[in-house]
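The values are calculated or read from the model by the stated rules, or taken from the named source; none is laboratory data. Because the structure is a prediction, the values reported are computed rather than measured. Cβ sites come from the backbone with ideal geometry, for glycine too, and all protein chains shown count toward neighbours. Ligands, DNA and RNA are stripped out before the accessible areas are found, and what is left, the full protein with its side chains, is counted by its heavy atoms. Shrake-Rupley method; radii C 1.70, N 1.55, O 1.52, S 1.80 Å.
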Amino acid sequence: MDTSTERALGPPRIPYAPQLATVALTALAPASWGTTYVVTTELLPPGHPLFAGMLRALPGGLLALALTRVLPRGDWWWKATVLGALNIGALYPLLFVAAERLPGGVAATLGATQPLIVAGLAVVLLRVRPTAWRLTWGVLGVVGVGLVVLGPQARLDAVGVLAGLGGTATMAAGIVLTKRWGLPAGVGPLALTGWQLAAGGLLLLPLTLAAEGAPPRIDAGAAGGYLWLGSVGGLIASTLWFRGIGKLSVGASAPLVLLSPLVATVIGVALGESLSASQTLGFVLALAALLAAQLNPPKRGPGRPDGLTTPHEKDGSDEDRHDDRRTGRHRDGRQPGDQRGQCTRTPGNRPVPQARG
């Protein structure tokens, strides 16, 4: 008797080594973003958040354009503008408003909801159903970050909450649209990053001049801070991030943003802060959620009608199946309409059996 449909859940499956390397490189981006708070508070002149955002984006974008010498073509002019607005131009002002009106813990917790927003947008824009495995760990990640950064002094401000959720949503939309549109032929991640940084920086430039006026006085410490944010935290981190989005599923890449508040917490401990028992528990929970999201969901027996997305044979990513449907290819390289063992007729109507895979 065939009992394949009654097979029990197995343990979570570890991705292949190349995927692990991609995850590690992509994780460097949100890890570097975790240094933004301490750099901003310790080195940058106060009262000029838009100037910091513009300086973080525009010089790096122009440098990337000079290095790659590749400009958008056709509809990629408006696509690059949309992505630049979502990931840079709209994101930075909303995050700055949230930072000014909310305690850092509340803002960080709102940012931790991004994987859940990404999952919802992926259903609409990618037609990809999230697995229960990653949804569960996404919720636990929010809980973990909340335990780490929320304190009894946390207060809610309506405008600040809307700005925090808005910034999180714009970046989530940028992730999903980047995955949907992919890369144009012959264009690498550095060029795509340059388009977005330049577009976002140019959008911020008039807003910065109108809202903040003349640039602040920049001393040696501030120059180092701007250089760090624009290079490591800007051009380099964004290139690694967009490269990773193109290679990983959105379910694997989105939870990596949890590294930002965790790295900020580690920096705080290094500077003399201490963690309570609940904060330590939250740190471990958030880190576990981040790592668990990189594991492929436990594999059920073939053909099981459980209502969940069936893991891909290779890496379990539902977005890989989305890419297969979009390009029309089969997983074994066959084209639409071909079947294994199918006979193809030649112009002389002589059947030629195809090799079986």
Scanning segment 40-51 residue by residue, those part of a helix (DSSP H, G or I) and either modelled with pLDDT of 85 or more or of a type in the set (Asp, Glu) (or both) turn out to be 42, 43, 50, 51
The correct count of residues that are open to solvent by 20 Å² or more (accessible area, probe 1.4 Å), in contact (Cβ under 8 Å) with a residue 40 or more places away in the chain and small (Gly, Ala, Ser) in segment 46-73 is 1
All conditions in (1) modelled with pLDDT of 85 or more; (2) surrounded by 23 or more Cβ atoms within 10 Å (Cβ to Cβ); (3) of a type outside the set (A, V, I, L, M, F, W, C) are true of residue 243 except (2)
Apart from one, (1) open to solvent by less than 20 Å² (accessible area, probe 1.4 Å); (2) over 30 Å from residue 147 (Cα atoms); (3) within 15 Å of the chain's Cα centre (by Cα) all hold for residue 230; the odd one out is (3)
Restricted to segment 25-45 and to residues being open to solvent by 40 Å² or more (accessible area, probe 1.4 Å) and under 22 Å from the mean Cα position of the chain (by Cα), the residue farthest from residue 90 (Cα to Cα) is 25
- Query: Would you call residue 222 part of a helix (DSSP H, G or I) and either touching a residue at least 12 places away in the same chain (Cβ under 8 Å) or among the hydroxyl-bearing types (Ser, Thr, Tyr) (or both)?
  - Reply: yes
- Item | residue 284 being within 16 Å of residue 29 (Cα to Cα), among the aliphatic types (A, V, I, L, M) and in contact with a helix residue (DSSP H, G or I) (Cβ under 9 Å, 6 or more places away or on another chain) | no
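Name the single residue, out of those in segment 266-277 being part of a helix (DSSP H, G or I) and open to solvent by less than 60 Å² (accessible area, probe 1.4 Å), that is modelled with the lowest pLDDT.
Restricting to residues being part of a helix (DSSP H, G or I) and open to solvent by less than 60 Å² (accessible area, probe 1.4 Å), the top hit is 268.
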Note on segment 171-195: residues among the small types (Gly, Ala, Ser) and either free of Cβ contacts under 8 Å to residues at least 12 places away in the same chain or not in a helix (DSSP H, G or I) (or both) are 182, 185, 186, 188
Within segment 183-217, the residues that are within 22 Å of residue 39 (Cα to Cα) and surrounded by 15 or more Cβ atoms within 10 Å (Cβ to Cβ) are 197, 200, 201, 204, 205, 208, 212, 216
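Kindly state which helices (runs of 4 or more DSSP H) lie completely within segment 73-161 and contain at least 1 residues that are at pLDDT below 75 and more than 19 Å from residue 179 (Cβ to Cβ).
91-101, 104-111, 132-149
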Taking segment 52-72 and keeping residues assigned to a helix (DSSP H, G or I) and over 14 Å from residue 202 (Cβ atoms) leaves 52, 63, 66, 67, 68
